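The values are calculated or read from the model by the stated rules, or taken from the named source; none is laboratory data. On a predicted model such as this, the values are computed, not experimentally measured, just so you know. Counting neighbours? That spans all protein chains shown, and the Cβs are built from the backbone with ideal geometry, glycine included.
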């Protein structure tokens, strides 16, 4: 997100005067900037409170009349117990490690709940926990650690043995076993050495089923959907993947129902699929395509399989092979838990509510988890966008709208994650992960955000949003998690016409960053794989959809692009490990490089405001001198709580917005240039 045109000297002086008046009217924390270029500066920071607060969730499992729900992107991680008869949260337990809980499983007795952790980095701590539901006031205890950093799914065999799958970047996922009798965690092997992530596991007395693929880090030879049967007696793996599913990027979910195994996929270039396999003869199966991008949250009642897709709830009849929508009056959003019991489907929404759907009566009851007693706390955040009235902060399945006049904060609902955003003429535009395309929200007209434009579903991860004022186009750089590479999306705010240009850099590099000048889009390439080119810059005509020229960065800048911004004739860029470069766009050459790892150790974002380019990293807010390109620290140790990389944006007056810890802050900087 960045301003596409530099601010003139007269505008800069006027903005500076307005800044002084505004500063006098608000409570501000003032600190001198640590300048390493020209002269002193005054930096004023206004704390606007938590960026986004909610009880976000990533898993749910019904055990008797309790729905256990795992938190998402909250610290500390926790599991809450929602009591269906009273519709209240009656207990909770804090796990404390990682940031999210995606995997929950109960033992056959219903006494023990197992929970698996997701982390941003390998903390070297236990990632498998057990909670005794017979004594819920006693905290869950750590019982082991898999070497795959993240646990994505758990299954408990009839004899109480626990199986776990997940992944860690750069390594193929393994099957793990926890034996409650010995307390040991054992690695059972890696069935698919080309897989990047295992998403699902199921277990019987004799067999463990392992589902994997490339939902993340696809392309570059990574496997597609794969299903393996592990024989518990012989300790051997057998590939039992239905050929009809092999084009999908990943197995998504498994469920053992009587003498059958239900299998689902996450789709990409094709819709997701549902298969029912005979456990006695796995070569005997049926595969049914769906209309969704993903099939998950499998549950069953006899011959009827219920599941969630990105289009809501559906049922599948194993007798007549038909898929039928399940009626629900409202928007369930992203569903993270689905269970059937006594004629009722209980669906747990990423919007932080529990929906009880009476299938016979056709009626539903919705309970918001916050008012029911779920702990509401600040999340790590995603995209930020601002104008004269509102600042928007992205979270999981929600966007917080901060009213700058009243200080009131309202949580808006939007599925997935607003990875980046831009406000234009008072209207919010976002890039929504995963496979949600672009969304929009007009505070004068809309009750909630809604989808503006869909793009190819495999181009699922939008990363950077900016506005091309010359061509009146919104520009979005994106990544394909499943296929590799990426794309540039364009959307005309004037005509509503959209376009997607696939792999404009090359077949390996995604589009990490986008900047614009005089109607030309500048694309910053990045490569998440270990080999191949990275950091290529491409000048692109977003109207004609063609490359104008390209430039490879110097060998000293060995990592991919993290952020781009334009000031005057110069294109500024940061790499993913603090490398800095400046390109003179008139001669198409790199004219300056520097190593700024001290202030920018990893991912970064940049914005142009009041004639100065600012950058933010996980640790520091900084600026660049427009003449010498020297870096100056604006706010040291800002340490924003970011979920998927830092962001910074500016409003129409040039005031900056970013995160300090979990709090949104406004920064008014007056450098002496």
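List of remarks:
- Candidates 306, 351, 340, 316: the one that is surrounded by 13 or more Cβ atoms within 10 Å (Cβ to Cβ), in contact with a strand residue (DSSP E or B) (Cβ under 9 Å, 6 or more places away or on another chain), in a loop (DSSP other than H, G, I, E, B) and modelled with pLDDT of 95 or more is 351.
- Residue selection: residue 665 fails the criterion of being under 20 Å from residue 566 (Cβ atoms) and not in a loop (DSSP other than H, G, I, E, B).
- All of (1) modelled with pLDDT of 95 or more; (2) assigned to a loop (DSSP other than H, G, I, E, B); (3) within 23 Å of the chain's Cα centre (by Cα) hold for residue 182 with one exception: (3).
Matching residues to (1) in a strand (DSSP E or B); (2) touching a strand residue (DSSP E or B) at 6+ places or on another chain (Cβ under 7 Å); (3) surrounded by fewer than 24 Cβ atoms within 10 Å (Cβ to Cβ):
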| position | (1), (2), (3) |
| --- | --- |
| 582 | yes, yes, yes |
| 592 | yes, yes, yes |
| 601 | no, yes, yes |
| 607 | yes, yes, no |
| 614 | yes, yes, no |
| 622 | yes, yes, no |
| 626 | no, yes, yes |
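- In this entry, residue 513 passes the filter for residues that are buried (at least 17 other Cβ atoms within 10 Å of the Cβ) and either modelled with pLDDT of 95 or more or part of a strand (DSSP E or B) (or both).
- Taking strands (runs of 3 or more DSSP E) as the structural unit, those lying wholly within the stretch 526-572 and holding at least 3 residues that are more than 25 Å from the chain's Cα centre (by Cα) correspond to 537-541, 546-551.
- The residue that is surrounded by the most Cβ atoms within 10 Å (Cβ to Cβ), counting only those in the stretch 458-476 that are farther than 29 Å from residue 219 by Cα and in contact (Cβ under 8 Å) with a residue 24 or more places away in the chain, is 473.
- Single unsatisfied condition, residue 326 versus (1) at pLDDT 95 or above; (2) touching a strand residue (DSSP E or B) at 6+ places or on another chain (Cβ under 8 Å); (3) more than 28 Å from residue 56 (Cβ to Cβ); (4) surrounded by fewer than 20 Cβ atoms within 10 Å (Cβ to Cβ): (3)
- Among residues of the stretch 159-178, those that are in contact with a strand residue (DSSP E or B) (Cβ under 8 Å, 6 or more places away or on another chain) and either under 25 Å from residue 132 (Cα atoms) or part of a strand (DSSP E or B) (or both), counted: 12
- Taking the criterion of being assigned to a loop (DSSP other than H, G, I, E, B) and in contact with a strand residue (DSSP E or B) (Cβ under 6 Å, 6 or more places away or on another chain), the residues of the stretch 100-137 that qualify are 107, 110, 126, 127, 133, 136.
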